[in-house]
Amino acid sequence: RGILLADTTMKVLQHWTADGELRVYPTSVPATDELTRRGYTEVIRKVDGPSWAPTPSMKERDPSWPDFVGPGPENPLGTHALYLSWQYYRIHGTNDTRKIGRKSSNGCIGLYNEQIEEVFGRTPVGTQVKLI
């Protein structure tokens, strides 16, 4: 099934497909070490046109966040999302391209929408993910 390796120091996602092909994508990464989770997880669900709601800790940090954002240009998850076995963690697109290459997320790994669409299409549910 391949593997997705998210390097939070280098701010890149390496995607190794099952047939050994490697593609590397620039990413956004969690803004602080406290928001960063490291280790192994896996893709448990894929959503084209995801909706978004802030986590309880995000709402606690910033009560001005909306309670819910449906699919579309205002959605922080962009056009596609890979849901991981860790609650609230995703690899997803972003409509705010200024975040790519920066420590700017609340825990997720973000990609340009064009690139998450590519990763989405090439990543089956069950793919192993490692965050370092």
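The values are calculated or read from the model by the stated rules, or taken from the named source; none is laboratory data. Note that this is a predicted model, so its numbers are computed, not measured. All Cβ positions, glycine included, derive from the backbone under ideal geometry; neighbour counts span all protein chains shown. Quick note on the areas: whole protein, heavy atoms, side chains included, nothing else; ligands and nucleic acids left out. Shrake-Rupley method; radii C 1.70, N 1.55, O 1.52, S 1.80 Å.
Taking the Cβ-Cβ separation of E34 and D7 as r and a Förster radius of 22 Å, what is the calculated FRET efficiency to the nearest 0.05?
Computed FRET efficiency for E34 and D7 comes out at 0.75.
Where does the charge balance sit around T123 when Lys and Arg score +1, Asp and Glu -1, over other residues with C-beta under 9 Å from its C-beta?
Every neighbour counted, the sum reads +3.
Less than 12 Å Cβ to Cβ from T8, Lys/Arg counted +1 and Asp/Glu -1: what total charge do the surrounding residues give?
So the surrounding residues net to +4.
Scan segment 1-72 for GluC sites (Glu not before Pro) in coil per DSSP, keeping those whose Cβ has at most 16 other Cβ atoms within 10 Å, and list them by number.
When the GluC sites (Glu not before Pro) of segment 1-72 are filtered for loop state and at most 16 Cβ neighbours within 10 Å, E21 remain.
Specify whether the C-alpha gyration tensor of segment 34-117 places it in the rounded, prolate or oblate class, a ≥ b ≥ c being the square roots of the eigenvalues: rounded for a/c under 1.5, otherwise prolate if a/b is larger than b/c and oblate if not.
Rounded, since a/c falls under 1.5.
Top mean-square fluctuation among P50, P66, P26, Gaussian network model of the chain, C-alpha springs under 10 Å?
P66
Per residue of segment 46-59, what does 6.51 cos²θ - 1.76 cosθ + 1.60 with θ = phi - 60° give for ³J(HN,Hα)? Whole Hz please, x for Gly and Pro, Karplus curve as stated.
Karplus values, whole Hz, x for Gly and Pro: 10, 10, 8, x, x, 9, 9, 9, x, 6, x, 5, 5, 5.
Per residue, how much accessible area does segment 3-86 show when a 1.4 Å probe rolls over the protein heavy atoms, in square angstrom?
Accessible area per residue, segment 3-86: 54 Å².
Only helical DSSP H runs with n ≥ 4 go in: add -39500 (n - 2.57) per run for the chain, normalise by residue count and round the 222 nm mean residue ellipticity to 500 deg cm²/dmol.
For the chain, the value works out to -3000 deg cm²/dmol.
Which of the trypsin sites (Lys or Arg not before Pro) found in segment 27-112 are in a DSSP loop and have at most 16 neighbouring Cβ atoms, other than their own, within 10 Å?
Passing sites in segment 27-112 are R37, R38, R102.
Carbon and sulfur: what percent of segment 39-116's accessible surface (1.4 Å probe)?
Roughly 49 percent, rounded to a whole number.
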